[in-house]
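As structure tokens, the structure follows; a few thoughts come after it.
The values are calculated or read from the model by the stated rules, or taken from the named source; none is laboratory data. No experiment lies behind these values; they were computed from the predicted model shown. Counting neighbours? That spans all protein chains shown, and the Cβs are built from the backbone with ideal geometry, glycine included. Remember, those area values only see protein heavy atoms, side chains included, never the ligands or the DNA or RNA. Shrake-Rupley method; radii C 1.70, N 1.55, O 1.52, S 1.80 Å.
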Amino acid sequence: EQELTPGMLVVITPGTRNRYGGNGLPYVEDSIRFCGPVADMMAASGILVSGAYELGTVRRLCPIIEQTADPSRDAQIHANMQLQNLLTGLYFSNREHSRSSRMEEIRQMIQNDLQRWWTVEELAELASLSCEVLRRRFLAHTGMLPKAYLEECKLRSAADRLLSTDFPVRTIARQFGYNDPYHFSRRFKLRMGLSPELYRKQFSKR
């Protein structure tokens, strides 16, 4: 069950059992019956999938419905093309949103476990993508490749930890997955311009 709000598009493909209504409250609905070989092809290819989708509060079906009221061949073809464009645009919009959501989940997963050294292979498997596709989509979503983003998060969080605690550098390094404190110091200085010790001394306000 799903509660519908104004501006949602309900798509019901042939053979899908459904029941929906106003739950006792009045509502306005614009509807189109779309069938035939083109509709079947769009359903078979995954462009038409039963469900409820955000379409916006502008009544975008109204101009198409007005076109269908004209029985001329040209008007019917025009209405058909308008509907196909609307549904195809919705498909690509939802697919892009799904991609973005998946990359955001991967980003959050990295942020939530900064002690771990995630590999691209692990992240790609979790996202059900190839390593190359993951790299490309993650770069588009964050502006950084996964490996660079991972270390950037580690070093920025380590910098915060240096300023907010009295933990030794060695301890902070281990907290972010650096077993070799000297390697951590080199990477930190390369990113921040100062060694961890000097960074703490210069910026700590405690």
The condition from (1) more than 20 Å from Y91 (Cα to Cα); (2) assigned to a loop (DSSP other than H, G, I, E, B) that R33 misses is numbered (1)
State all residues of the stretch 24-43 that are of a type in the set (A, V, I, L, M, F, W, C), open to solvent by 60 Å² or more (accessible area, probe 1.4 Å) and under 29 Å from the mean Cα position of the chain (by Cα); if no residue qualifies, say none. M41
Is at least one residue of the stretch 74-91 within 30 Å of F176 (Cβ to Cβ) and within 23 Å of the chain's Cα centre (by Cα)? no
Got a sec? Which of D74, D40, D70 is in a loop (DSSP other than H, G, I, E, B) and over 28 Å from F184 (Cα atoms)? D70
Going residue by residue through the stretch 93-101, is there one that turns out to be surrounded by 10 or more Cβ atoms within 10 Å (Cβ to Cβ) and at pLDDT 85 or above? no
Exactly one of G15, G46, G21 is under 22 Å from the mean Cα position of the chain (by Cα), free of Cβ contacts under 8 Å to residues at least 60 places away in the same chain and surrounded by fewer than 10 Cβ atoms within 10 Å (Cβ to Cβ), and that one is G46
Based on this model, can you work out whether D166 counts as open to solvent by 50 Å² or more (accessible area, probe 1.4 Å), within 19 Å of D113 (Cα to Cα) and acidic (D, E)? no
Tell me the residue from S157, S128 that is within 20 Å of the chain's Cα centre (by Cα), among the polar types (S, T, N, Q) and either under 30 Å from R99 (Cα atoms) or surrounded by 13 or more Cβ atoms within 10 Å (Cβ to Cβ) (or both), please. S128
Considering the stretch 59-78, residues that are touching a residue at least 24 places away in the same chain (Cβ under 8 Å) and over 21 Å from Q2 (Cβ atoms), and then whichever is surrounded by the fewest Cβ atoms within 10 Å (Cβ to Cβ), we arrive at C62
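Enumerate the helices (runs of 4 or more DSSP H) found wholly within the stretch 102-166, keeping only those where 1 or more residues are under 20 Å from L194 (Cα atoms), touching a Ser or Thr at 6+ places or on another chain (Cβ under 9 Å) and aliphatic (A, V, I, L, M).
146-164
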The conditions are (1) closer than 16 Å to W117 by Cβ; (2) open to solvent by 60 Å² or more (accessible area, probe 1.4 Å), and E151 fails exactly one of them. Which is it? (2)
Give the number of residues within the stretch 167-184 that are touching a residue at least 40 places away in the same chain (Cβ under 8 Å) and either in contact with an Asp or Glu (Cβ under 9 Å, 6 or more places away or on another chain) or assigned to a loop (DSSP other than H, G, I, E, B) (or both). 2
